Protein chains: 2
Amino acid sequence: MPALEKISDQRLFGGRQMRFAHDSKVLNCRMQFSVYLPPQAGQKDVPALYWLSGLTCNDENFSAKAGAQRVAAELGIALVIPDTSPRGDQVPDDPEGAYDFGLGAGFYVNATEAPFASHYQMYDYIAKELPALVEAELPLSTQRSISGHSMGGHGALVIALRESGRYCSVSAFAPISNPIHCPWGQKALTGYLGKDESHWQHFDASVLLAEKQATLPILVDQGDADQFLAEQLKPEALLAASTISGSELELRIQPGYDHSYYFIASFIEDHLRFHGRYLLPQS
Amino acid sequence: MPALEKISDQRLFGGRQMRFAHDSKVLNCRMQFSVYLPPQAGQKDVPALYWLSGLTCNDENFSAKAGAQRVAAELGIALVIPDTSPRGDQVPDDPEGAYDFGLGAGFYVNATEAPFASHYQMYDYIAKELPALVEAELPLSTQRSISGHSMGGHGALVIALRESGRYCSVSAFAPISNPIHCPWGQKALTGYLGKDESHWQHFDASVLLAEKQATLPILVDQGDADQFLAEQLKPEALLAASTISGSELELRIQPGYDHSYYFIASFIEDHLRFHGRYLLPQS
């Protein structure tokens, strides 16, 4: 069987919006993901922006709703859009089927707790297995940046801060900035990593950013009408952490915007141009 | 009860993506629709582009997937996005629940056949009742253009050709151009208007365009990888009709594009700028 099974391939802004399935060794299940290849990918290997989606999403939400492909086509940047958790009947879910744990809610960690550890290794999948796969099989260079929304903003920041040599830049929309101190994060980290909070620190962007000066540029957008802002997202913790470590963080508060894809759509062009400054050779 | 019940109101590209419910007299049921108000609507009444969606859609598909609001915000054009049929438990549907007739498939005609005639008056709803409502209740001028996709492209062309004094311009993506000669159209026109084909002519864009020279500009985009092109869409009939009547029709065949919202997203900017030339005062 080939490494990638192509599920769909649609013309979009002169490039190709594609969907693939593959066997993930790290996640121990069959996975699907989407890729947008800009027109330039017909001539040469292009850099890639990895996009990590939020709770309840799969790879199709961002593809269909964010409008990112227009500027990606203009700049010559591929979009790699993974799913948000392992999938399949054999993959354990939240016992009550809640939206904020289990399927659709992998939180981009490497689980250590049974029964989740055998599948929920989303950190390694996103940071290692998926890039190796798509860079081998598709016309992508090894220039990477990473971004995401909400749970995916948390994932993007954590992965970029821990693997900073592997990414040119990182950005986030309304990230769960300090998961060890919010209900979504505490539930997920307990479930995947156990009750010992010392293990949680490695998956908290504010902890990581306070510990060590960031070596890559960071852009964060946050709507001030976001219904999850105060209880779950806590961008002020990320800003405080950047001050502690002397890291450069651009945090923009966007008046009137909520937590939806309409917020993402409004500012995705800024994020793509931000990443383009670091992903692309400057003329 | 107020004329419009506001269901949602979200910031998007500096404007407002809103959803409303209202009682439709013409359709004899409660309806929902979406409106995008560009930032300019805070200062003055703005012109509006009406968007008619295709089979199975409601007002949310175009709102979420087409990426139209970015250029609408730049130009100062509102988007008015109605549903595709009457709705509610009391509204009769296709006896087998098919996707191409009944709910989600009103075909923008005024039905004469029982049991559909008591609700399926989508032509009058789109051309008369809805504009009067939104122009009274929202900061919209009476400058209107109209566009749509597939079944909605058919609706936009038919309404604009029949009511040309009420619209500044019309465009369509992959319209059902000659419904009297395709399976989707024949099923719908039989069901809503009866077996006498002479009644169908009034709802066929190619018949209307051949009969009378169009007095407003027409833009049509059609993907050549559209799976419905040959059997259902028949843009060649529209082109032939425009030649017969000496009407100006710009028909663009877009290589590699299919019937999806990715096709719409790729060219919606062109359509908005096209309508803007006729909707907006030229400097």
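A compact table of results
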quantity: Among (1) at pLDDT 95 or above; (2) part of a loop (DSSP other than H, G, I, E, B); (3) in contact with a strand residue (DSSP E or B) (Cβ under 9 Å, 6 or more places away or on another chain) - the single one A:Ser118 does not satisfy; calculated: (3)
quantity: Of all residues making up segment B:1-42, the number that are outside any strand (DSSP E or B), within 18 Å of B:Glu135 (Cβ to Cβ), among the small types (Gly, Ala, Ser) and within 14 Å of chain A (Cβ to nearest Cβ); calculated: 1
quantity: Residues of segment A:257-283 satisfying the condition of being part of a loop (DSSP other than H, G, I, E, B), of a type in the set (Ser, Thr, Tyr) and at the interface with chain B (Cβ under 10 Å from one of its Cβ atoms); calculated: A:Tyr257, A:Ser260
quantity: Candidate set: segment B:52-69, residues that are more than 13 Å from chain A (Cβ to nearest Cβ) and not in a loop (DSSP other than H, G, I, E, B); chosen: the one surrounded by the most Cβ atoms within 10 Å (Cβ to Cβ); calculated: B:Leu52
quantity: Single residue of segment A:70-85 satisfying the filter (without any contact (Cβ under 8 Å) to a residue 60 or more places away in the chain and farther than 24 Å from A:Arg277 by Cα) that is farthest from the other protein chains (Cβ to nearest Cβ); calculated: A:Ser85
quantity: Which listed residue is in contact (Cβ under 8 Å) with a residue 24 or more places away in the chain and at positive phi, from B:Gly104, B:Gly97; calculated: B:Gly104
quantity: Single residue of A:Asp100, A:Asp93 found to be closer than 25 Å to A:Asp124 by Cα, surrounded by fewer than 24 Cβ atoms within 10 Å (Cβ to Cβ) and in contact with a helix residue (DSSP H, G or I) (Cβ under 9 Å, 6 or more places away or on another chain); calculated: A:Asp100
quantity: Filtered residues of segment B:156-184 (kept if touching a residue at least 60 places away in the same chain (Cβ under 8 Å) and farther than 22 Å from B:Ser141 by Cα); calculated: B:Phe173, B:Ala174, B:Pro175, B:Ser177, B:Asn178, B:Pro179, B:Trp184
quantity: Residue satisfying condition, being loosely packed, with under 12 Cβ neighbours inside 10 Å, over 17 Å from A:Gly54 (Cα atoms) and either without any contact (Cβ under 8 Å) to a residue 60 or more places away in the chain or basic (Lys, Arg) (or both), within set A:Ala240, A:Ala230, A:Ala225, A:Ala214; calculated: A:Ala230
quantity: Residue match in segment A:240-256 (condition: within 14 Å of chain B (Cβ to nearest Cβ) and among the β-branched types (Val, Ile, Thr)); calculated: yes
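Condition check ((1) within 18 Å of B:Gly152 (Cβ to Cβ); (2) more than 14 Å from chain A (Cβ to nearest Cβ); (3) modelled with pLDDT under 95) across all residues:
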| residue | (1), (2), (3) |
| --- | --- |
| B:Val170 | yes, yes, no |
| B:Pro175 | yes, yes, no |
| B:Trp184 | yes, yes, no |
| B:Gln213 | no, yes, no |
| B:Ala225 | no, no, no |
| B:Glu236 | no, yes, no |
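The values are calculated or read from the model by the stated rules, or taken from the named source; none is laboratory data. All values derive from a computational prediction rather than experimental measurement. A quick note on method: Cβ atoms are made from the backbone with ideal geometry, for glycine too, and the neighbour counts reach across all protein chains shown.
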